[in-house]
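Comments concern the structure below.
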Amino acid sequence: MKAINKLVLLILAVSLIVMITGYVRLNNSVLWGSQKLINYIRVETGGGMDANQANIFLQNYIEQYKWSGSILLTLGGITCISCIFALLYNNRSRLR
């Protein structure tokens, strides 16, 4: 196996891990945002907060996880597809 193919396989493995991490962050954004809000209320405010203000904080925490998960999922997916095409192209050109 060529060194380039080994490098592409390594990049493919890393991109799959990044893609899975992004999916998990995206899938758990509501749960993790709620937990982050609960921790904020306990630590910063001493246990009490206005409901409207808490909803604003909750939406912002959820958006943070959704954006980071979307970015990771997109970057991992694009890199994964690029690596698959690179492997197919290298193997096809070797057969000719």
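Numerical summary
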read-out	value
Selection status of I4, β-branched (V, I, T), touching a residue at least 12 places away in the same chain (Cβ under 8 Å), surrounded by 12 or more Cβ atoms within 10 Å (Cβ to Cβ) and part of a helix (DSSP H, G or I)	no
Filter pass, I81 being modelled with pLDDT of 90 or more and out of contact with any helix residue (DSSP H, G or I) (no Cβ under 6 Å at 6 or more places or on another chain)	yes
Test for A54: is it touching a residue at least 40 places away in the same chain (Cβ under 8 Å) and either in a helix (DSSP H, G or I) or within 30 Å of L7 (Cα to Cα) (or both)	no
Residues satisfying the stated conditions in segment 12-37, i.e. surrounded by 13 or more Cβ atoms within 10 Å (Cβ to Cβ) and among the hydrophobic types (A, V, I, L, M, F, W, C)	L12, V14, L16, V18, M19, I20, V24, L26, V30, W32, L37
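The values are calculated or read from the model by the stated rules, or taken from the named source; none is laboratory data. The structure displayed is predicted, hence computed values, not measured ones. Don't worry about glycine lacking a Cβ; one is built from the backbone with ideal geometry, like all the others, and counts go over all protein chains shown.
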